[in-house]
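The block underneath contains the structure these notes are about, expressed in structure tokens.
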Amino acid sequence: MRIFLRAAGLGILLLLSMRDLAAAQSRTITEKDLFAFKWVADPRISPDGQSVAYVLVTVNEKEDRYDTSVWLVPAGGAAEPRRLTAGPRDTSPRWSPDSRTLAFTRAAAEKDRPQIFLLSMSGGEPRRLTDLPRGAASPVWSPDGKVIAFTSGTSPEDLEEQRTAREHPGSPPPKKSDVRVVTRAVYRRNGSGWIDPAHHDHVWTVAVTESDPPPAPRAVTSGRYDEGELAWSADGRRILFTSDRVDEPYYEPSDSNLYAVPAGGGALETVIDISGPVREAAISPDGSRWAFVGSVNPPSVQSHTRADLFLFRDGRPTALTSGKDFEIGSSVGGDQRAPRGGNPGGLRWTADGKSILTAVTEHGRANLVRIDSASGAMAPLTSGDHDVMAWTSTPDASRIALTIGDDTHIGDLFVLDTAGKGLRQLTRVNEALLSALKLPSPEEIWYSSFDGKRIHGWILKPPDFDASKKYPMILEIHGGPHAAYGNTFTHEFQWMAAKGYVVFYTNPRGSTTYGQDFANVIQYRYPGDDFKDLMIGVDQIVKRGYVDTARLGVTGGSGGGLLTNWIVTQTDRFKAAVSQRSVADWASFWYTADFSLFTPSWFRGNPMRDAEEFWTRSPVRYADKIVTPMLFVEGDDDLRTPPTQGGEAMFRALKAQKKTAVMVRFPGETHELSRSGKPSHRVERLQHIVNWFEKYLKGEKIEAYDLQ
């Protein structure tokens, strides 16, 4: 094994021996190291391929928040990155076509809506381009660089109120009722709260001029539907966007289309409609074909329908990747994607129009590939056991900026020349921290389940592991259920290993990146045989001889929380369990989650008519069988798996039986607690999870969980 580090200021590579490396790695990781983490987000390579702008996300420990600023680094790696904006809430850098100006969004305060600013690469301070009551997002430059299209939820009423307030400063705003009239089945969204039916994300444009004040933005679309994924036509005459233009889309499978609207406003044109979702559409260089990611809805609703790369020509779609195991895009599950800033991807045509570039995730690893637009043949652009988290390219696809992370590295910025010059690393934002830590690499395993299905997993052992010893083990279960663990940095796993646990994580049936059938096989059987996959995996690890079977723990979040709840009703092998933001009562979940299950995806019917099916698969039904001490971790504002039907239900069921149960509640936190919650809450969450295992697997005296 060889480790290469760049010497500061010298630009030379130092080869460290394993002895030198061991000396440098002076300690194990802790939960509080999260406060020092930095994340590279939204890499944007300039059209001329010479520079890369990106968002750097850091923790502001004093204010308990994430700060974001825009940075710049030469694509050739000739100089160190430099900060372009002051922050602390600057995101979404977007290059002008001539690479001379950078648009970005800035929010003045935590609760403010972001506005678009412009920054000249020749110097000077950023100048504000928009000032809309509902802010501006997702800026996209026109081909001639004279106009920026963006989305905003600003309504005519908002503009009138803004005008009145400016004309009459000091006057109180008109009083509005705070009573909500709800008419739609989906009326809340995890992370953003109540959905406002009076405000929709529409297409806007603003002219790019030197005038002060800048020209007023104008709305290009209106109505009762949201629009997103904006792009310009090559001639700059139309703006393209995706939208699901159905009043109540939850009654049918997803069916978004690609539309076009004249840049000055006017009637919409449907560009692509395939009776299924369309996203990330990109037109070929000659304008004759479209590439997009999507799926044609099957005759019967599936629990998971994998998306394909499609070619659309003369009104007909052709799936180029049909029948493959991989998923289009980057979708490796972990807890260290940038908590702010964005992770772009999408599709890019090569200059000759013969190939399409995209990311794919297969068997827990994500890489960039080139797919032939005629045959669908695929060739790798990157390879390895890692996670290509985000990427953008020059217009001709000759140079790519991308962020890559792996099991022991949080994502950094790289540049790839597609002509074959290989990868160049441009940032090392966590090198000073991570190089001082003992970070073990996981061992990859495959094993056969009860019916012969091959199951993929990983074993993360403690630093300085000794196979002659017996270690406590924690089984980690991912959510989704249609998601996948893989080769990416997960702080939670590394800290558990640092505390002396063997950590086992696996992708049971239902996981993505192993093909359509593997993912969809759990339809109407969740939880079920996936439990068997997990337990057979535990048996495989136990056979290796270094796990203490009297000290087994289990944890998981979301769908992994559901399976944690289920496992302890089926077996008493685990001596401690931590269920996080889970499902416990399927009927209650059906009624209260922020999305609907009106189509027969997970259940054949609904709890009004098929109550027994919902009850049979609900862990809380079997709470009388639980003997495992359980900790429940919940975010008070979780609308995806509302606590009332999950941890609260299980906690109350166990307490009614005078069994060991504790619930930890995080105020203000949503379903994203582990990935983008407040830094202090993320750290405290890790502490509670591990402390529970310390108490019940190691016998540590931890009084916080004793009856208060």
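The values are calculated or read from the model by the stated rules, or taken from the named source; none is laboratory data. Since we're looking at a predicted model, the values are computed, not measured. Glycine gets a Cβ as well: all are built from the backbone with ideal geometry, and neighbour counts include every protein chain shown.
Among the residues of the range 45-70, the ones that are crowded, with 22+ Cβ neighbours inside 10 Å and of a type outside the set (Val, Ile, Thr) come to 4 in all.
Can you spot a residue in the range 417-432 that is of a type in the set (D, E, K, R), touching a residue at least 40 places away in the same chain (Cβ under 8 Å) and either over 16 Å from residue 43 (Cβ atoms) or crowded, with 23+ Cβ neighbours inside 10 Å (or both)?
Among the residues of the range 417-432, at least one is of a type in the set (D, E, K, R), touching a residue at least 40 places away in the same chain (Cβ under 8 Å) and either over 16 Å from residue 43 (Cβ atoms) or crowded, with 23+ Cβ neighbours inside 10 Å (or both), which makes the answer yes.
All conditions but one from (1) closer than 28 Å to residue 457 by Cα; (2) touching a residue at least 24 places away in the same chain (Cβ under 8 Å); (3) not acidic (Asp, Glu); (4) not in a strand (DSSP E or B) apply to residue 395; the one that does not is (1). Close Cβ contacts (under 9 Å, 6 or more residues apart or on different chains) running from residues in the range 162-174 that are under 18 Å from residue 131 (Cβ atoms) to residues that are surrounded by 10 or more Cβ atoms within 10 Å (Cβ to Cβ) and not small (Gly, Ala, Ser) comprise 162/131; 162/132; 162/133; 162/154; 173/161; 173/164. Consider the range 179-193 and keep the residues that are among the charged types (D, E, K, R) and part of a loop (DSSP other than H, G, I, E, B). The one that is nearest to residue 591 (Cα to Cα) is 184.
For the range 82-107, filtering for residues that are in a loop (DSSP other than H, G, I, E, B), hydrophobic (A, V, I, L, M, F, W, C) and under 25 Å from the mean Cα position of the chain (by Cα) leaves 1.
Meeting the requirement of 2 or more residues that are farther than 21 Å from residue 675 by Cβ and in contact with a Cys (Cβ under 7 Å, 6 or more places away or on another chain), no helices (runs of 4 or more DSSP H) wholly within the range 466-558 can be named. Surrounded by fewer than 18 Cβ atoms within 10 Å (Cβ to Cβ) and either part of a loop (DSSP other than H, G, I, E, B) or among the small types (Gly, Ala, Ser) (or both), is that true of residue 303? No, not satisfied. For the range 447-475, the candidate set comprises residues that are over 26 Å from the mean Cα position of the chain (by Cα) and among the aromatic types (Phe, Trp, Tyr); within that set, the residue that is surrounded by the most Cβ atoms within 10 Å (Cβ to Cβ) is 471.
Filtering 154, 164 for residues that are among the β-branched types (Val, Ile, Thr), over 17 Å from residue 45 (Cβ atoms) and either more than 29 Å from the chain's Cα centre (by Cα) or at pLDDT below 95 (or both) leaves a single hit, 164. When we screen 484, 550, 497 for residues that are out of contact with any Lys or Arg (no Cβ under 6 Å at 6 or more places or on another chain), among the aliphatic types (A, V, I, L, M), in contact (Cβ under 8 Å) with a residue 24 or more places away in the chain and surrounded by fewer than 18 Cβ atoms within 10 Å (Cβ to Cβ), the only hit is 550. Got a number for residues in the range 619-650 being among the basic types (Lys, Arg) and touching a Lys or Arg at 6+ places or on another chain (Cβ under 8 Å)? The number of residues fulfilling the criteria is 1.
Of a type in the set (A, V, I, L, M), within 30 Å of residue 351 (Cβ to Cβ) and in contact (Cβ under 8 Å) with a residue 12 or more places away in the chain, is that true of residue 186? It is false that residue 186 is of a type in the set (A, V, I, L, M), within 30 Å of residue 351 (Cβ to Cβ) and in contact (Cβ under 8 Å) with a residue 12 or more places away in the chain.
With respect to the conditions (1) modelled with pLDDT of 95 or more; (2) out of contact with any helix residue (DSSP H, G or I) (no Cβ under 7 Å at 6 or more places or on another chain), residue 421 falls short on a single one, namely (1).
Checked against the criterion of being at negative phi, of a type in the set (S, T, N, Q) and either assigned to a loop (DSSP other than H, G, I, E, B) or surrounded by fewer than 18 Cβ atoms within 10 Å (Cβ to Cβ) (or both), the range 312-321 contains one or more residues that satisfy it.
The single condition from (1) over 26 Å from residue 288 (Cα atoms); (2) in a strand (DSSP E or B) that residue 241 fails is (1). For the range 665-673, the count of residues that are at pLDDT 95 or above, of a type outside the set (Asp, Glu) and touching a Pro at 6+ places or on another chain (Cβ under 6 Å) is zero. Here 515, 561 are screened, and the one residue that is farther than 18 Å from residue 445 by Cα, surrounded by fewer than 23 Cβ atoms within 10 Å (Cβ to Cβ) and touching a residue at least 40 places away in the same chain (Cβ under 8 Å) is 515.
Residue-by-condition table, conditions (1) of a type outside the set (Ser, Thr, Tyr); (2) at pLDDT below 95; (3) surrounded by fewer than 15 Cβ atoms within 10 Å (Cβ to Cβ); (4) touching a strand residue (DSSP E or B) at 6+ places or on another chain (Cβ under 8 Å):
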{"site": "605", "(1), (2), (3), (4)": "yes, yes, yes, no"}
{"site": "627", "(1), (2), (3), (4)": "yes, no, yes, no"}
{"site": "637", "(1), (2), (3), (4)": "yes, no, no, yes"}
{"site": "640", "(1), (2), (3), (4)": "yes, no, no, no"}
{"site": "643", "(1), (2), (3), (4)": "yes, no, no, yes"}
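If you go through the range 197-218 and pick out every residue that is in a loop (DSSP other than H, G, I, E, B) and among the hydrophobic types (A, V, I, L, M, F, W, C), you end up with 3. Scan the range 646-671 residue by residue and report those that are buried (at least 18 other Cβ atoms within 10 Å of the Cβ) and farther than 25 Å from residue 572 by Cβ. Result: 666, 669, 670, 671. Residues in the range 571-607 that are hydrophobic (A, V, I, L, M, F, W, C), assigned to a loop (DSSP other than H, G, I, E, B) and over 28 Å from residue 681 (Cβ atoms): 4 in all.
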